[in-house]
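Trainee: I have a structure I would like to understand better, so I am pasting it below and will then ask my questions one at a time.
The values are calculated or read from the model by the stated rules, or taken from the named source; none is laboratory data. These figures come from a predicted structure and were not determined experimentally. Every residue, glycine among them, receives a Cβ derived from its backbone with ideal geometry; neighbour counts consider all protein chains shown. Side chains are part of the model used for accessible areas, which takes the heavy atoms of the whole protein and leaves out ligands, DNA and RNA. Shrake-Rupley method; radii C 1.70, N 1.55, O 1.52, S 1.80 Å.
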Amino acid sequence: MTADADPSAIRSIAVSRDDAVDAFVYGRENPGAAVLRVTPPFHGRMRARIHVYRADDTRVTGAVHVQPETLLETEAVANYPTLEDEREDAPSGETEEVRKRHAESVDAWRERAQEAIVETVALETADGSTTVSVKPLE
């Protein structure tokens, strides 16, 4: 592996707060997967961008995928509002009202979650795990 293809060179990743939150929500609301992706060539400071996929291509591309839930504080992940939460409080047959309340709950959660970005995250590489700093972008 060449030096610029070795993810252990990464010391920090910059990530958009919106991308981290959007990737997390996407994974809860859609059949595909969303991650924050870091692509080679690797160096000390890298930018992680949202990446939606159905087939994992990391072996082919050499990219590192960061699961969005690892970028959010545990409490934020645990407090994500589910559609089932809204159904419990709604009268039977009020599907549109349940969807509307769920969308409002998710919007409120998004705002809180944007302030819940962790300071460090473990990147999984072929050589094991390495911890890097997370630099949130405004």
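Trainee: Output wanted: per-residue J couplings in Hz (rounded whole) for the stretch 58-65, from phi through Karplus 6.51 cos²θ - 1.76 cosθ + 1.60, θ = phi - 60°, x for Gly and Pro.
Mentor: 5, 5, 7, 8, x, 5, 10, 9
Trainee: Right, another one. Using θ = phi - 60° and the Karplus curve 6.51 cos²θ - 1.76 cosθ + 1.60, what whole-Hz ³J(HN,Hα) does each residue of the stretch 9-24 get, with Gly and Pro shown as x?
Mentor: 6, 6, 10, 8, 10, 9, 9, 5, 4, 4, 4, 4, 5, 4, 5, 4
Trainee: Additional query: For residue 6 and residue 28, what does the FRET efficiency come to when R0 = 41 Å and r is the distance between their Cβ atoms, rounded to the nearest 0.05?
Mentor: The pair residue 6/residue 28 has a calculated efficiency of 0.80.
Trainee: Just grab the label-to-label distance for residue 47 and residue 99, each label 7 Å out from Cα along the Cβ direction, in nm (one decimal).
Mentor: Placing both labels 7 Å beyond Cα along the Cβ direction yields 3.6 nm.
Trainee: Using per-residue counts of other Cβ atoms within 10 Å, averaged over each peptide, order 120-130, 12-22, 44-54 from highest down.
Mentor: Most protected by this proxy first, the peptides run 12-22, 44-54, 120-130.
Trainee: Per-residue ellipticity at 222 nm for the chain, helices alone: DSSP H runs ≥ 4 residues times -39500 (n - 2.57), over residue total, nearest 500 deg cm²/dmol?
Mentor: The helix-only estimate for the chain comes to -10000 deg cm²/dmol at 222 nm.
Trainee: Can you give the local net charge around residue 133? Use residues other than it whose beta-carbon is closer than 10 angstrom to its beta-carbon, Lys and Arg +1, Asp and Glu -1.
Mentor: With Lys, Arg at +1 and Asp, Glu at -1, the net is +2.
Trainee: In whole angstrom, how far apart do the alpha carbon centroids of the stretch 44-97 and the stretch 2-22 sit?
Mentor: For the stretch 44-97 versus the stretch 2-22, the Cα centre distance is 18 Å.
Trainee: Looking at the square roots a ≥ b ≥ c of the eigenvalues of the Cα gyration tensor of the stretch 59-119, which shape do they give, rounded for a/c under 1.5, prolate if a/b is larger than b/c, or oblate?
Mentor: Prolate.
Trainee: Name the long-range amide H neighbours of residue 123: under 5 Å, sequence gap of 5 or more, or other chain; modelled H, no Pro or chain starts.
Mentor: When sequence neighbours closer than 5 places are left aside, the close amide H contacts are 130, 131, 132.
Trainee: What does the accessible area per residue of the chain come to in Å², with a 1.4 Å probe and no ligands, DNA or RNA counted?
Mentor: Ligands and nucleic acids excluded, the result is 60 Å² per residue.
Trainee: Would you kindly work out the equivalent ellipsoid of the chain from its C-alpha gyration tensor and give its semi-axes, the square roots of five times the eigenvalues, largest first in whole Å?
Mentor: 33, 15, 11
Trainee: For the pair residue 14 and residue 130, how long in nm is the line joining their label points, each one 7 Å along Cα→Cβ?
Mentor: 1.9
Trainee: Assuming a ≥ b ≥ c are the square roots of the Cα gyration tensor eigenvalues, decide whether the stretch 1-60 counts as rounded (a/c under 1.5), prolate (otherwise, with a/b larger than b/c) or oblate.
Mentor: Oblate, because a/c is 1.5 or more while a/b does not exceed b/c.
Trainee: While we're looking at this one, here's another question. Of all beta bridges DSSP finds with both residues in the stretch 9-52, what is the antiparallel percent, to the nearest 5?
Mentor: For the stretch 9-52, the DSSP antiparallel bridge percentage is about 50.
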